[in-house]
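Report on one structure; see the data block that follows.
The values are calculated or read from the model by the stated rules, or taken from the named source; none is laboratory data. All values reported here derive from a predicted model rather than from experimental measurement. Don't worry about glycine lacking a Cβ; one is built from the backbone with ideal geometry, like all the others, and counts go over all protein chains shown. Note: accessible area is taken over every heavy atom of the protein model, side chains too, but ligands, DNA and RNA are not part of it. Shrake-Rupley method; radii C 1.70, N 1.55, O 1.52, S 1.80 Å.
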Amino acid sequence: NMGAIGVVLNAPVPPEVLREIKSHVDIPVVATIVSAAQDTDARIEAGVDILNIAASSQTPHVVAQLRERHPDFPIMATGGPTDDTIRATIAAGAIAITYTPPDNGVLLAQIMRSHRERYKLGD
């Protein structure tokens, strides 16, 4: 597996392709779900190990719907931009959260804002 710990497939990948990939790898296969309308049953039957919910602001709602349909299946999800959205996603039933940290521009802006406040230079 050359050091990979999992395979993440984007939403459009059909279950047949997922099944083919699963037959050739011995690491977890993760299927990304962007809507509760996607056929998660077919993906689970094809051998996916984890559902990864990435439904923007609807993520907690989609997680909750899928948790009802698949009470014991591993569901991870994007947590969104705030502590509150992360908590809502966990409360909806996600067992893990994926998080994209702020980029360098955002971090630098926060540092510069802190410097300005410290030295009372304003924005």
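Placing unit charges on the Cβ atoms only, positive for Lys and Arg and negative for Asp and Glu, gives the chain a dipole magnitude near 560 debye about its Cα centre.
When the Cα positions of PRO74, VAL7, ALA109 are compared along the charge dipole of the range 2-123, ALA109 comes out farthest toward the positive end, with charges on each C-beta of Lys, Arg, Asp and Glu.
Hey, can you find the accessible area per residue of the chain for me, probe 1.4 Å, expressed in square angstrom?
Values: 7910 Å² over 123 residues.
Averaged over the residues of the chain, the accessible area is 64 Å².
Compute the helix-to-body angle for 83-92: its Cα long axis versus the longest principal axis of the chain, expressed 0 to 90° and rounded to tens. Compared with the principal axis, the helix lies near 20 degrees. Compared with the dominant Cα axis of the chain, that is its longest principal axis, helix 104-119 is turned about 30°.
Relative to the dominant Cα principal axis of the chain, helix 59-69 is inclined by about 30°.
In the chain, what percent of the accessible surface is made up of carbon and sulfur (1.4 Å probe, ligands and nucleic acids excluded)?
Values: 4560 of 7910 Å².
Looking at the chain in its full context, I get 58 percent from C and S.
In this structure the amide hydrogen of VAL29, modeled in the peptide plane, comes within under 5 Å of the amide hydrogens of VAL7, ASP49, ILE50, none closer than 5 places in sequence on its chain.
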